[in-house]
Amino acid sequence: MYGYLLTCIGKKHIEEVSKKARQRLGCIQRHKYRLDRKSLEQCYITFIRPILEYGNVLFDAADKQYLDILTDIEKEALRVILGARQRSNLDAMYMEVSWPSLEQRRENQKIVTLGKIVFNNFPPYLIRDLPTFYSTSRTVRKNTFAIPKSNHEYYSKSFVPSSIELWNNLPSEIRCLNSHKALKARLKAKYYKKVPTYFSYGTRSLNILHTKLRIGCSDLNSDKYLIGVSDTDLCDCGGGEVENAKHFLLECGTNLVAKVTMLDSITDLLHDRGLDNDNLLDIDLLLYGSDLLSYNDNVRIFSFVHTFIKDSKRFQ
């Protein structure tokens, strides 16, 4: 009954917060071409995502169909931030911004909340009401909870049993940490990766085109073919090659002068830095930059790529 009650509450809560979040998302959408990527991302993280996550350790017990409403809002926010098209791959967009999904963030929050109880950051009666905690065991069960049993799916999805299951599945070195701050730090290190700041470089229009090449939702024939927009994935150059990002930036015989200019400029930069052109000058460098180069050098490479994209007129 308790789990079912939380599910009903979660349904109503999600309906209310989704309406509020969509209103705020609409404000951001109106400025999607006026603000740069970094500013749009900060607007979402500051003004919209907290709405989607308020009370998430409780409403995570709601049915998937209601939780998917929140995921759809974040997916739309990602499309606004990245300038991606409809039907863009959600996993690719998450990878581009290096965010854990809302589902993963809810799971992390449940682990951290349970950790606060374990580490005595909550009133002691809360730990007394939890199942047996094996804090002194020398077996693989050390710092785990006895799993509460129930025949009801609603109860198993509620906070206590679902959080215990997540906690028990953590690596032992994480379960044996001595503070919830250390726990949060380990989870953050695992799920949050730093995105290169130069991913926000360039004018908004060229930054979007470059981003679309990275996440596979550009107007190249291979990307359009995957979602059923194009009848072929081959390049119009007539060479019989698939028109993907690698072909467009490195191999296609069209726009040859602009391409040679771009590649020569990048080759000169790598030579000046004493780096091996043959091993480093590839599609990954043009799309993602390199950890071997400084921020300024990566920005220069991105500027060469943006100039080629503009001069090619492929996406006009």
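Some points to look at:
- Computed label-point distance, nm, for sites Y192 and E15 using a 7 Å Cα→Cβ extension: 3.4
- Relative contact order of the range 202-312, pairs being alpha-carbon contacts under 8 Å that are 6 or more residues apart, as %: 26
- Treating r as the C-beta distance of F315 and E53 and R0 as 41 Å, the FRET efficiency rounds to 0.70.
- Ranking N244, L187, Y154 by how far each Cα lies toward the positive end of the dipole of the range 126-250 (charges on Cβ) leaves L187 at the top.
- Taking Cβ atoms as reference points and 14 Å as the exclusive limit, the residues near L263 contribute a net charge of -3, counting Lys and Arg as +1 and Asp and Glu as -1.
- Gain on full stretching of the segment that runs from Q42 to R22 - 0.36 nm per residue minus C-alpha separation: 5.6 nm
- Rounded to the nearest 10 degrees, the inclination of helix 37-47 to the longest alpha-carbon principal axis of the chain is 20 degrees.
- Point-charge dipole on Cβ atoms (K/R +1, D/E -1) for the chain, about Cα centre, debye to 20: 1820
- In this rough spin-label picture, where each label sits 7 Å from Cα along the Cβ direction, the E241-D63 distance is 5.1 nm.
- The structure shown yields mean projected area of the Cα convex hull in nm², and of the options (i) 20.9; (ii) 16.5; (iii) 17.4 that calculated value carries the label (i).
- Two-site FRET efficiency, E173 against H271, from Cβ-Cβ distance with R₀ of 45 Å, rounded to 0.05: 0.50
- Close amide H partners of S101, meaning residues 5 or more places away or on another chain with modelled amide H under 5 Å apart, do not exist here.
- Sequence-distant residues sharing a close amide H with L234 (under 5 Å, placed H): E243
- Helix 204-215 vs. the chain, principal-axis angle (Cα, 0 to 90°, nearest 10): 70
- For the range 20-50 and the range 198-267, distance of Cα centres in Å: 28
- Extension gain for the segment I127 to R34, taken as residue separation times 0.36 nm less the Cα-Cα distance, is 28.4 nm to one decimal.
- Given K142/K190; K32/K184; K11/K188; K38/K259; K142/K188; K75/K181, the pairs whose alpha carbons are separated by over 25 Å: K32/K184; K11/K188; K38/K259; K75/K181
- Label positions at K116 and L292, each projected 7 Å from the Cα along the C-beta direction, are separated by 4.7 nm.
- For the range 106-191, the square roots of the Cα gyration tensor eigenvalues, ordered a ≥ b ≥ c, give a/c below 1.5, which places it in the rounded category.
- Put simply, the amide H of T144, placed in the peptide plane, has neighbours under 5 Å in Y134, leaving out anything fewer than 5 places away on its chain.
- In order along the range 300-311, the Karplus-derived 3J(HN,Hα) couplings, from 6.51 cos²θ - 1.76 cosθ + 1.60 at θ = phi - 60°, round to 5, 4, 4, 5, 5, 5, 4, 4, 5, 4, 5, 5 Hz, and Gly and Pro are given as x.
Bear in mind these aren't lab numbers, they're just calculated from the coordinates by the rules spelled out. Keep in mind the model is a prediction, meaning the values are calculated, not measured. We place every Cβ from the backbone using ideal geometry, glycine too, and count neighbours over all the protein chains shown.
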